[in-house]
Structure formats: C-alpha cells, structure tokens
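The values are calculated or read from the model by the stated rules, or taken from the named source; none is laboratory data. Keep in mind it's a predicted model, so treat the numbers as computed, not measured. In this analysis, Cβ positions are derived from the backbone assuming ideal geometry, glycine residues included, and neighbour counts consider all displayed protein chains.
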C-alpha cells in the first residue's frame, strides 16, 4: 500500500480501536456481506460518475457547450471534473475489492479502505460542485461510521500467501 495511505490507516486505527467493539458474530456477518456491498456501491459510483459527466458534458451541442461556459464557474467545472475522476477511481477500487473480500484477503480490505478515503476527498469537494444535492456534514458522519465498521472487521482479513 502507498506509504501515505498506510500512515493515514495507522492514525485512524489508533482512533477507532478505542471505540466500543461490535460482537464477533456481527463482524463475521459483515465480512460475508462486504463483498456484495462493494459491488453495489461500486456500480452506484459508476452511475454517479456518469451523472456528473452528463451534468458537465451531457449534450455536446455548441449551444450546450456555451451554456456550460456561462453556467458553471471555473471552480465548479474543476470540481465536477475532479468528482468524475475520484468517483471513477473509487468505483474501480470497490469493484476490484470483491474477489479478495470473498477470500477474506487483506488486499480486499485495503481496497475498501482506499475507496473510503477517496470518498472522503469527494465529500470535501462537494461544496465546489454546483449541482451537489448531498449534505456534506451527513456524508462525513456516514464516512465515519464506515471507517468504524471497516476497522471493526480488519482482523478478519488475512494477508495472502503470495
């Protein structure tokens, strides 16, 4: 894993390790559904990335290009474009995590963690996207819950023997 991501993981783990633990049976259940959650959210993020693309470039007629130039500021266009990139990378990361998660391989957990970090970056960019319909504070709370659950099940995933 990238060194900077590993540093963030260590710092977040130190925080989340001190929170109350969920039962072992709940952890086991979570490890069984996480691969499917990754597939569902990966597919949803592909759709959201296409939605942002459509917002920015949906109708490429000259009238629409002129309309986009007048409607969105440079910062909003940059935010939309960055959102497309981040959502696309996050979607790919989630979809790639399915197979290792099914095998309880730590690589799957690492990919979920990376995707969760990318989503936090995306959430922090939302104010720069004109059409954002998401509450940033609520998104950060949901991300926190996601990190909590990720660190609860981390020990259930083992490094591959390759």
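Candidates in the stretch 10-23 are the residues that are in contact with a helix residue (DSSP H, G or I) (Cβ under 9 Å, 6 or more places away or on another chain) and assigned to a helix (DSSP H, G or I); of these, the one that is nearest to residue 158 (Cα to Cα) is 13.
Can we say residue 146 is under 23 Å from residue 46 (Cβ atoms) and modelled with pLDDT under 85? Working first, answer last.
Values: under 23 Å from residue 46 (Cβ atoms): yes; modelled with pLDDT under 85: no.
Answer is no for this residue.
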